[in-house]
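The values are calculated or read from the model by the stated rules, or taken from the named source; none is laboratory data. This one's a predicted model, so the numbers in the text were calculated from it and none came from an experiment. Every residue, glycine as well, gets a Cβ built from its backbone with ideal geometry; the counts of neighbours run over all protein chains shown.
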Number of protein chains: 2
Amino acid sequence: MTPFERRTRRAQSRLGAVGADALVLTPGPNLYYLSGVDAEQSERLTCLIVPADDDPTLVVPSLEAPTVRTATWVEDVQPWDDDTGPEPVLDEVWDAAPSRLLLADRMWTRFSFELQRRFPNASFGLASEAVGPLRRRKDDLERDALRAAARAADATMRDVRALGDEAIGHTEANLAAFIEERLDAHGGTGVAFEPIVAAGPNGADPHHENGDREIRAGDPVVLDFGTRIDRYPSDTTRTVVFGGEPPTGFEAVYTAVREAQAAGVAAAEPGVTTGAVDRAARSVIEEAGYGDRFVHRTGHGVGLDVHEEPYVVAGGDVELEAGMVFSVEPGVYLPDRFGVRIEDLVVISDDGAERLNDTDHGWNVDDAT
Amino acid sequence: MTPFERRTRRAQSRLGAVGADALVLTPGPNLYYLSGVDAEQSERLTCLIVPADDDPTLVVPSLEAPTVRTATWVEDVQPWDDDTGPEPVLDEVWDAAPSRLLLADRMWTRFSFELQRRFPNASFGLASEAVGPLRRRKDDLERDALRAAARAADATMRDVRALGDEAIGHTEANLAAFIEERLDAHGGTGVAFEPIVAAGPNGADPHHENGDREIRAGDPVVLDFGTRIDRYPSDTTRTVVFGGEPPTGFEAVYTAVREAQAAGVAAAEPGVTTGAVDRAARSVIEEAGYGDRFVHRTGHGVGLDVHEEPYVVAGGDVELEAGMVFSVEPGVYLPDRFGVRIEDLVVISDDGAERLNDTDHGWNVDDAT
């Protein structure tokens, strides 16, 4: 049995447990997770129908059928043609009206409205009810890919630090291009998200878009990037100074963020809630007097999606379990001055949390890496 | 008034005409089309609410607010924080329950289900009801971008033809990489879709994914690619032979496809239906005896989406109007042998159709380009 089929059988037993007749998944991470099909969403309907107690069916545009058949363990692939549309095939697949369906959380509303019209007496929920708890605990295939992607990001971070004061005078956009090139050189496939290179005051915007600002001596530079390997992403952040003296007040902020990040990682273990991890990190920053400048959650799960469950938020009540992978990334943002963020991914083990990133946590690139 | 505001005011008058209180748009082409905001869909809610008779509001994660404010003409930007979620902001924005809402066709179902729960007595439709008719007719800003993107694709197609028999021995994947490099060199931004390079029998799969097959003398090679300029895509296809003798029967198929494509373009003018354009192209291929090997529609609209309304399909009843832009791309696919497809984009003018692509329609790369 392939890992994909194994996941599908587990999802089916959860369908029974939550009282749903079937999952209906359009292209996206859940469809890939269960079928191995990496289709793109388009105006032509592709969907995987997983009944609680029968084999799954893939309904695909006939143009895509050859590619889909080679990608999946699912045997029942039903193609439809442009001249008839998918309706005749769907009429055959849905030979009995379901009473409850769980739809892909990201299904386009045009498709979910069609299902609601087709089955006016059915109730509807989201696929994450059944698939979410499985996806939160990474299996071996997933952990291997996440580790490999983290290694490529770490090797790139070392290359960036090694630039030293050569980085000064380059624009944020130049440095981002260098990062992209190094991620590929270290075996990554593209970027997991647009790399963030935020120099000086730009660092005070947590989601700054790279621009033409030149990196100056003394600029704190927030570097946040990742790549993908076997479809799984990395995501790591460091804040560094490439040379010169950092601005007044920087070291106090930096120390608070560094200690907060360490406290968050130290708090993470099976049975602890996401809210407790957030609290462990946030309280360090609050005690240092920057509580109102830590303007985002402490972290997010990482898997097929760069942002997924579990979210490490204030008050979060999800209990950590072995196999969960998420970021711990507190930050402090001082408008018009600078920002500091430090981020590692961790995987929950049987008795704690293991970091997937191991590059230096110091801000001075001249220190040992 | 910016083009974005002008489009919004037009969409608002259509809302009144179709009896809807408001549009709700999550990130995607319609949100960009009206607001100029090019946000990515994520688990954090971003939405543009356009009431029929009041100014629009953008609800955004506070992290994104600075970027959004610089991108849009919309004055009312309402940020929400991770610790409260978007609900408090939404409660204020929705100060009265609407009776009918039109939602982004691609809104994630998790968000449309939330709106259905919030307004259990409202009826729901799709935003394309109001915005689709506007987007089908391209304004000047859009036509300029589409022309520029077509020029970059054509210049690349000429570079590919100029390879001549140097292309022989290279893999499909190599040639695809060359295409990507040339698209960028000619001013494009990335690819509008994965370039298709389908050599020999691979051409018989209309959506073939590039692989390690080497291009051989006599192989018909289907080349289908495009790039984006100012967010608008190009999309053109040629089928060429880089050297040697094409297979038996190739020229008859090629002539049929070439004439079908010309017939489709010749039929396109204001007032004619999409079905009539499809018929004009398809009948040429049917008369040549390959009707059952033309397995897809004749074309698709092109705008912010590479595939959008109007679709040029058998029986299509959309009447062409000046300003519409779509592809005319008949093809014939002979399993295990080869495929032929020729594609140009056209823009409907006041009295006909103008091609946006002007590269040679012949299969022999040694002929004049």
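In region B:97-138, what residues are more than 14 Å from B:L34 (Cβ to Cβ) and polar (S, T, N, Q)?
B:S99, B:T109, B:S112, B:Q116, B:N121, B:S123, listed by residue number.
Quick one: which strands (runs of 3 or more DSSP E) lie wholly within region A:32-112 and hold at least 1 residues that are within 17 Å of A:A127 (Cα to Cα), touching a strand residue (DSSP E or B) at 6+ places or on another chain (Cβ under 8 Å) and within 14 Å of chain B (Cβ to nearest Cβ)?
It comes to A:47-51, A:100-103.
Out of (1) within 30 Å of A:D292 (Cβ to Cβ); (2) assigned to a helix (DSSP H, G or I), what's the single condition that is false for B:Q116?
For B:Q116, the failing item is (1).
Conditions: (1) over 26 Å from the mean Cα position of the chain (by Cα); (2) away from every other protein chain (no Cβ under 14 Å). A:S234 meets all but one. Number of the miss?
(1)
For A:A217, are the conditions met, namely being surrounded by fewer than 16 Cβ atoms within 10 Å (Cβ to Cβ), assigned by TED's automatic domain parsing to the domain that holds A:T248 and over 19 Å from the mean Cα position of the chain (by Cα)?
The answer is yes for A:A217.
Can you tell me which residue among B:G164, B:G187, B:G200 is surrounded by fewer than 23 Cβ atoms within 10 Å (Cβ to Cβ), free of Cβ contacts under 8 Å to residues at least 60 places away in the same chain and either in the same structural domain as B:I342 (by TED's automatic domain parsing) or within 16 Å of B:V306 (Cβ to Cβ) (or both)?
B:G187
Give region B:42-84 a look and list any residue that's over 19 Å from A:P206 (Cβ atoms) and among the charged types (D, E, K, R), or say none. Full working, then the answer.
Initial filter on region B:42-84 (over 19 Å from A:P206 (Cβ atoms)): B:47-57, B:72-76.
Of everything in region B:42-84, those that are over 19 Å from A:P206 (Cβ atoms) and among the charged types (D, E, K, R) turn out to be B:D53, B:D54, B:D55, B:E75, B:D76.
Go through (1) of a type in the set (D, E); (2) away from chain B (no Cβ under 14 Å); (3) crowded, with 22+ Cβ neighbours inside 10 Å and name the single condition A:D212 misses.
For A:D212, the exception is condition (3).
Grab the strands (runs of 3 or more DSSP E) fully contained in region A:144-244, keeping just those with 1 or more residues being polar (S, T, N, Q) and touching a strand residue (DSSP E or B) at 6+ places or on another chain (Cβ under 6 Å).
Filter on region A:144-244 gives A:236-241.
Taking into account only those residues within region B:258-279 that are in a helix (DSSP H, G or I) and of a type in the set (S, T, N, Q), which is nearest to B:T237 (Cα to Cα)?
B:Q261
Out of all the residues in region A:164-183, is one or more within 14 Å of chain B (Cβ to nearest Cβ) and within 30 Å of B:A104 (Cα to Cα)?
No, because not a single residue in region A:164-183 is within 14 Å of chain B (Cβ to nearest Cβ) and within 30 Å of B:A104 (Cα to Cα).
Does A:F119 qualify as being within 14 Å of chain B (Cβ to nearest Cβ), more than 29 Å from A:P233 (Cα to Cα) and in contact with a strand residue (DSSP E or B) (Cβ under 8 Å, 6 or more places away or on another chain)?
For A:F119, the condition - within 14 Å of chain B (Cβ to nearest Cβ), more than 29 Å from A:P233 (Cα to Cα) and in contact with a strand residue (DSSP E or B) (Cβ under 8 Å, 6 or more places away or on another chain) - is not met.
Name the single residue that is nearest to A:G315 (Cα to Cα) among those in region A:274-300 being within 14 Å of another protein chain (Cβ to nearest Cβ) and of a type in the set (A, V, I, L, M, F, W, C).
Within region A:274-300, the match that is nearest to A:G315 (Cα to Cα) is A:A281.
Of all residues in region B:306-335, count the ones that are part of a loop (DSSP other than H, G, I, E, B) and either more than 12 Å from chain A (Cβ to nearest Cβ) or within 22 Å of B:V191 (Cα to Cα) (or both).
Here is the first cut: in region B:306-335, the residues part of a loop (DSSP other than H, G, I, E, B) are B:306-307, B:313-318, B:320-324, B:329-330, B:335.
Keeping just the survivors that are either more than 12 Å from chain A (Cβ to nearest Cβ) or within 22 Å of B:V191 (Cα to Cα) (or both) gives B:306-307, B:317-318, B:320-324, B:329-330.
Matching residues across region B:306-335 total 11.
Can you pull out the residues in region B:7-60 that are at pLDDT 95 or above, among the polar types (S, T, N, Q) and farther than 19 Å from B:R100 by Cβ?
The answer is B:S35, B:T46.
If I go through region A:345-369 residue by residue, how many of them are in a strand (DSSP E or B) and closer than 14 Å to A:V241 by Cα?
The total comes to 1.
Which ones in region B:324-359 are over 21 Å from B:V312 (Cα atoms) and buried (at least 16 other Cβ atoms within 10 Å of the Cβ)?
B:L334, B:R337, B:F338, B:T359
Out of curiosity, is A:T8 surrounded by fewer than 18 Cβ atoms within 10 Å (Cβ to Cβ), of a type in the set (S, T, N, Q) and either not in a loop (DSSP other than H, G, I, E, B) or not assigned by TED's automatic domain parsing to the domain that holds A:V131 (or both)?
No, not satisfied.
Identify the single condition in (1) more than 18 Å from B:G303 (Cα to Cα); (2) surrounded by 21 or more Cβ atoms within 10 Å (Cβ to Cβ); (3) among the small types (G, A, S) that B:S35 does not satisfy, given that it satisfies every other one.
(1)
Here's a check for you: in region A:286-305, which residue that is part of a loop (DSSP other than H, G, I, E, B) and over 18 Å from the mean Cα position of the chain (by Cα) is farthest from A:F250 (Cα to Cα)? Give the steps one after another, and end with the answer.
Initial filter on region A:286-305 (part of a loop (DSSP other than H, G, I, E, B)): A:288-290, A:294-298, A:302-305.
Among the residues that remain, those that are also over 18 Å from the mean Cα position of the chain (by Cα) are: A:288-290, A:294-295.
On the way: A:A288: 13, A:G289: 13, A:Y290: 12, A:F294: 15, A:V295: 18 Å.
Only one residue tops the list, namely A:V295.
When you scan region B:71-95, how many residues do you find that are β-branched (V, I, T), at pLDDT below 95 and over 24 Å from A:V312 (Cα atoms)?
1
When both residues are 6+ apart or on different chains and their Cβ atoms are under 8 Å apart, which pairs have a first residue that lies in region A:14-26 and is under 15 Å from A:L115 (Cα atoms) and touching a residue at least 12 places away in the same chain (Cβ under 8 Å), and a second that is in a loop (DSSP other than H, G, I, E, B) and among the polar types (S, T, N, Q)?
That search, which allows pairs on different chains as well, returns A:D21/A:S99; A:T26/A:Q41; A:T26/A:T46.
Picking from B:E329, B:E308, B:E286, which residue would you name as being modelled with pLDDT under 95 and of a type in the set (D, E, K, R)? Steps first, please.
Numbers: B:E329 fails: modelled with pLDDT under 95; B:E286 fails: modelled with pLDDT under 95.
So the residue among B:E329, B:E308, B:E286 that is modelled with pLDDT under 95 and of a type in the set (D, E, K, R) is B:E308.
Check region A:100-121 and report whether any residue there is on the phi > 0 side of the Ramachandran plot and either exposed (fewer than 15 other Cβ atoms within 10 Å of the Cβ) or out of contact with any Gly (no Cβ under 8 Å at 6 or more places or on another chain) (or both).
no
Of all residues in region B:11-31, which are of a type in the set (D, E, K, R) and in a helix (DSSP H, G or I)?
B:R14
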